[in-house]
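A short write-up of the structure that comes next.
The values are calculated or read from the model by the stated rules, or taken from the named source; none is laboratory data. These figures come from a predicted structure and were not determined experimentally. No Cβ is skipped: glycine too gets one built from the backbone with ideal geometry, and neighbour counts run over all protein chains shown.
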Amino acid sequence: MASEIDGDTPLHPQHTLSSFLSLGSSGAATEAPAMLSAPPTHSPALESASTHSEAAIFPQRTYADQCIQVGEPWAKALVPEVHKDELTQERRFERILQRIQRGGWTLGAFLHKLFTSPKQGKSSRSQRHAQLVSAFLRGATFEKFSAEDITELMYANKDSAPKAIRQKPGEHVEKSRPDAALMARARLTQWAIQKVEAEISSAATHISGKEGGFHLTQDQTTWSFIHGFSLAKAILPIEPKATILLRVLAAAVLPAALREKLRPSAQNPSPYSSHLSRSVPPGLGGNRKDPVVIIVITFLMLMYACNLHFSLFRKIAGIWLFSNNASSSIFSVLSRIGLSSSYTTVLKTLRALSTSAQSLVREKAPQRAFLLIYDNINRMHRAWDPDLGQRDNMDSGTAATFVELLNCDVGKAFDPKPLKDARDCGARAALTTDVLFDRIDMQELNALMALHCITFLIAETPVLAPHQSFINLRFRTTHAKHRMPEGFITSIHPLATSGHDEGTTRGNQDVLDDLIIRQLGLEKSEVDKLLIIVGGDQSTVEKIRTLQKFLADCPHGYSRYGWVLPLIQLWHMGWADLERILSTHWGRTATNSETGDMSSFYFINTILKRKIKDVKRPDYYPTQNFIFDTLKAEIIDCWKVRLGTDDLNAYFTMHTTVFEDLLVLARGLVDSYLNTQSAEMARDGYHGHGFPVGDMWPRPVVNEDMDTEDEMEQSRGDSVLTNVILCLRDSMLHYEFQHAISDGDIGRAMNVWTFTFTGCGKNKYSNELLDIACNFQYKYSSDLQRTTLNNWLCTFTEERGGCFPMDQMQEHNIKLLKKASQRRDASFGDSFYQEIVSYNIRAFGKASETMKAAVGIGKTGGRHRRQKKEAAMKELATAMKERQLHKFRQGRDFGHIANDDFAAGYIKLAGGKVKKFIQRTVADAGNIHADDDDIEESQSPERVPLPNAIINGLLYCGGDVSSDESSDSDDE
């Protein structure tokens with residue numbers, strides 16, 4: 001039997017140490033103090049105990065009838081076998097307490113002995129003792145009560161804290177109360193706090209230390225790292241180590257139900273990271289506060305207080321502040337409280353990032369697979385309190401961008417020999433007006449305009465929406481000319497600004513030297529071996545040609561600048577076309593305001609209550625929106641007139657129309673309202689061309705000074721309808737240009753501009769387009785043509801419909817640079833711009849978006865969405881219907897005759913302009929402009945519009961973007 005007691009027999013699940021310790025919570029627990037003060041006298045085993053030993057309390061039994069098996073309940077082990085059925089649980093527990101007291105033990109001494117671990121190599125515990133304690137502390141499955149249950153019983157016991165004492169009425173003597181600090185509840189509280197403090201201190205030391213991974217050095221600080229930052233990624237690796245601190249912070253912020261969701265579990269071991277990884281709903285409503293974000297930010301601040309090298313989040317926050325033009329005083333305060341790096345540290349970090357960016361560009365430059373684009377940048381330095389001789393000063397400089405080329409065979413595309421050979425043989429002498437006209441596929445152009453007419457119809461007729469997919473497919477297949485590769489993203493690298501004025505020929509030379517030699521680090525002896533495309537507006541490319549002309553006789557290859565291949569960019573040219581359309585169709589202001597001539601933009605501007613002005617370089621996106629809104633409204637009215645209905649949706653609901661039938665109707669609409677021949681028919685009075693006939697126009701009062709033949713000629717046609725057709729044609733051609741640009745099909749762009757710019761008198765743009773026609777027709781190799789077309793546009797999204805011209809991208813960069821200059825008096829050639837701002841300017845916008853996403857703020861702007869102008873558009877539609885604008889009304893005339901820029905341009909080109917151009921450029925390829933050509937000034941808009949975009953086939957203008965506070969992110 002002794003061997004059974006001392007052997008390795010396992011404990012039975014019902015006989016546990018926790019059962020004994022928890023008995024104090026039963027009814028017998030209230031009698032424990034009395035039992036300890038007056039123990040019973042029987043039980044010979046206890047009377048024989050005289051030392052504080054385990055044997056004194058649990059003596060080995062020598063009589064066989066009282067031997068027990070290991071694992072029997074403690075009460076059974078302490079009483080004779082014959083009495084076990086007579087004893088209740090309370091009486092057994094009382095016997096245990098009696099024996100503890102008889103042995104000379106206090107309860108504290110007993111528990112201390114029970115849970116004291118023996119020193120290594122020395123064991124004074126019996127096997128029974130060790131097994132019982134080990135099972136309890138390990139949390140064995142058969143233990144009914146855990147260690148925290150026992151601790152909670154001690155903490156919550158009414159004897160662990162002073163009891164409330166009532167003062168009887170009339171008593172003046174203060175009753176003494178025990179010291180609460182010495183009692184169990186206070187001591188357990190202090191013990192728990194100390195343990196939590198120790199755990200938090202140990203975890204914080206480890207997390208904030210170097211091994212925690214948050215000591216961000218200058219070498220580790222890269223834009224890719226900053227742009228990839230998120231609180232979810234930051235907290236993920238440290239969340240298991242910071243559980244206690246996060247729970248303490250959560251306890252101060254969250255209710256119990258929410259805290260429970262943030263406790264780690266087998267299904268979700270990283271609840272904080274999971275919470276912060278959730279997708280953020282767009283907009284501001286219902287997303288104002290996230291307590292988890294506050295907890296994590298507080299945690300990061302505390303880690304910085306623990307270790308000053310814990311800098312990752314602070315550096316990112318500092319760069320975010322700088323990107324939003326925060327003042328140095330804000331940096332001082334936020335750095336003081338641990339939210340941001342100091343202003344000096346941020347500047348040092350940005351200098352390191354600039355150095356890294358310049359090194360990357362210098363690595364790529366020798367491969368020569370790049371183009372450069374630059375434009376002027378200026379701002380006014382105001383002398384707010386001028387002294388004698390002081391005045392406002394215009395600070396001018398140049399901003400440039402390095403663009404990596406797409407799909408370019410550098411050796412073939414940029415070989416200067418084919419260009420020289422083509423120039424020497426005079427192949428461009430074959431250019432004629434007929435060659436220019438044949439480059440325009442009129443049938444294809446009409447088909448594209450028909451598709452746009454259907455798209456406008458679908459936007460107003462929901463029942464036709466299924467046809468839109470066919471239209472989108474046709475643009476990308478049947479009517480595709482030279483599309484940009486699907487899914488490509490332009491890779492650009494802003495370069496340092498300079499103080500050189502690119503508005504002069506000498507300034508352009510300085511700019512080119514600065515870019516090629518100083519910034520890109522190319523050797524002069526290597527530069528002239530291959531061509532480099534340099535893009536800019538009309539003024540820039542003209543100055544470059546002038547520079548090449550003046551230095552053509554220089555004996556050194558680099559100094560001739562023949563390696564520069566100037567390429568005019570398209571956004572400024574499109575702006576010039578908007579100006580042309582507005583000016584041509586504005587009408588005579590005084591007459592239109594009185595007569596209501598709806599063929600003039602002036603009167604339509606009055607109806608729509610817009611603020612458009614017929615000036616040189618009108619505001620870009622208000623003008624574009626105005627022209628496109630008018631175009632769409634008139635096309636819809638043309639559909640109504642052609643179909644004889646006022647409700648298009650009801651009409652197509654009743655008349656099921658397949659796409660091919662709809663396409664036939666659209667082509668008829670184009671033939672009637674969108675080509676030059678239709679305008680001539682309306683002018684000459686031939687309404688059989690397809691115009692519905694309206695009411696008779698009142699005959700004007702006979703002018704006695706007018707010949708009868710002239711009067712008959714005037715009254716035979718419809719001047720208003722003629723003007724409307726020419727305006728619709730010009731507006732639709734510009735819409736097609738913008739649609740082609742956004743859709744990434746450069747082959748569809750600039751279809752008729754050579755003729756229209758010539759017809760309206762914009763000779764410099766006309767000459768540039770003539771030069772482009774010569775280059776692509778006779779001069780450029782197939783590889784150079786392909787490279788130029790592949791890289792004339794740019795995009796920063798893989799989504800279709802998001803391409804835009806390079807010079808518009810450069811205008812956005814310039815806008816950001818100017819914004820960064822508002823708090824600085826530095827010039828564009830100073831170190832502040834060159835070493836801190838310029839190289840990082842594009843990255844600032846993305847850093848701002850990164851911080852917003854990190855704290856759970858959704859995007860609230862930058863998305864294209866139509867701004868509803870329903871009331872004004874309905875008024876315009878009503879006016880067109882009442883005046884029968886798109887019906888032929890013989891004799892209708894308000895005195896406004898719009899110029900047909902296309903026809904006038906053809907006459908000028910055929911009349912000698914092409915011949916003179918060839919004569920000038922054959923002798924000198926750079927002499928494309930005549931001395932009497934108009935001067936095209938290089939201008940930048942006060943507010944650069946966001947790029948146009950195509951959404952479900954419909955072109956949305958940059959001006960349609962909502963203008964809330966956060967839409968000015970400038971991240972295309």
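Give the residue that is farthest from E523 (Cα to Cα), with candidates limited to residues of segment 343-352 that are hydrophobic (A, V, I, L, M, F, W, C) and crowded, with 20+ Cβ neighbours inside 10 Å. Step through it out loud before you land on a result.
Here is the first cut: in segment 343-352, the residues hydrophobic (A, V, I, L, M, F, W, C) are 346-347, 350, 352.
If we keep only those that are crowded, with 20+ Cβ neighbours inside 10 Å as well, we get 346, 350.
On the way: V346: 34, L350: 28 Å.
Filtering segment 343-352 for residues that are hydrophobic (A, V, I, L, M, F, W, C) and crowded, with 20+ Cβ neighbours inside 10 Å, the one farthest from E523 (Cα to Cα) comes out as V346.
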*What pairs come up if the first residue lies in segment 185-199 and is under 14 Å from A156 (Cβ atoms), the second is hydrophobic (A, V, I, L, M, F, W, C) and assigned to a helix (DSSP H, G or I), and their beta carbons are under 6 Å apart, counting only those six or more places apart or on different chains?*
A186/A180
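Does I516 satisfy the condition of being touching a Gly at 6+ places or on another chain (Cβ under 8 Å) and among the β-branched types (V, I, T)? It would help to see each step written out before you state the result.
Working: touching a Gly at 6+ places or on another chain (Cβ under 8 Å): no; among the β-branched types (V, I, T): yes.
In short, no.
Here are Q194, Q218: which of them is on the phi < 0 side of the Ramachandran plot and modelled with pLDDT of 85 or more?
Details: Q218 fails: modelled with pLDDT of 85 or more.
After ruling out the rest, the residue left standing is Q194.
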*If A427 passes every condition in (1) over 46 Å from the mean Cα position of the chain (by Cα); (2) aliphatic (A, V, I, L, M); (3) at pLDDT 90 or above but one, which one does it miss?*
(3)
_Need the failing condition index for Q509 against (1) in contact with a Pro (Cβ under 9 Å, 6 or more places away or on another chain); (2) surrounded by fewer than 22 Cβ atoms within 10 Å (Cβ to Cβ), just the number._
(1)
*If you check G574 against the conditions, is it crowded, with 21+ Cβ neighbours inside 10 Å, small (G, A, S) and part of a helix (DSSP H, G or I)?*
yes
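So that you can scan it fast, the table gives a plain yes or no per residue for (1) at pLDDT 90 or above; (2) of a type in the set (K, R); (3) more than 11 Å from A496 (Cβ to Cβ):
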residue	(1), (2), (3)
Q822	no, no, yes
V837	yes, no, no
N840	yes, no, no
F844	yes, no, yes
M851	yes, no, yes
G858	no, no, yes
*Mind telling me which of the residues G487, G562, G557, G499 ends up being in contact with a Phe, Trp or Tyr (Cβ under 6 Å, 6 or more places away or on another chain) and modelled with pLDDT under 95?*
G499
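Does E444 count as over 30 Å from G905 (Cβ atoms) and not aromatic (F, W, Y)?
On the way: over 30 Å from G905 (Cβ atoms): no; not aromatic (F, W, Y): yes.
No; evaluated as a whole, the condition is false for this residue.
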*Keeping to segment 461-475, report how many residues are touching a residue at least 24 places away in the same chain (Cβ under 8 Å) and either under 19 Å from H739 (Cα atoms) or in contact with a strand residue (DSSP E or B) (Cβ under 9 Å, 6 or more places away or on another chain) (or both).*
6
*Give L547, L515 a once-over and let me know the one that is part of a helix (DSSP H, G or I), over 23 Å from Q785 (Cβ atoms), in contact with a helix residue (DSSP H, G or I) (Cβ under 6 Å, 6 or more places away or on another chain) and not charged (D, E, K, R).*
L547
*What number of residues in segment 229-253 are free of Cβ contacts under 8 Å to residues at least 40 places away in the same chain and in a loop (DSSP other than H, G, I, E, B)?*
4
*Checking K915 against (1) surrounded by fewer than 16 Cβ atoms within 10 Å (Cβ to Cβ); (2) at pLDDT below 90, which single condition isn't satisfied?*
(2)
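Residues are listed down the side, and each one gets a yes or a no for (1) modelled with pLDDT of 90 or more; (2) in a loop (DSSP other than H, G, I, E, B); (3) not aromatic (F, W, Y):
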{"position": "G862", "(1), (2), (3)": "no, yes, yes"}
{"position": "R866", "(1), (2), (3)": "no, yes, yes"}
{"position": "E875", "(1), (2), (3)": "yes, no, yes"}
{"position": "A898", "(1), (2), (3)": "yes, yes, yes"}
{"position": "F902", "(1), (2), (3)": "yes, no, no"}
*Which numbered condition trips up R362, out of (1) under 30 Å from D629 (Cα atoms); (2) in contact (Cβ under 8 Å) with a residue 12 or more places away in the chain?*
(1)
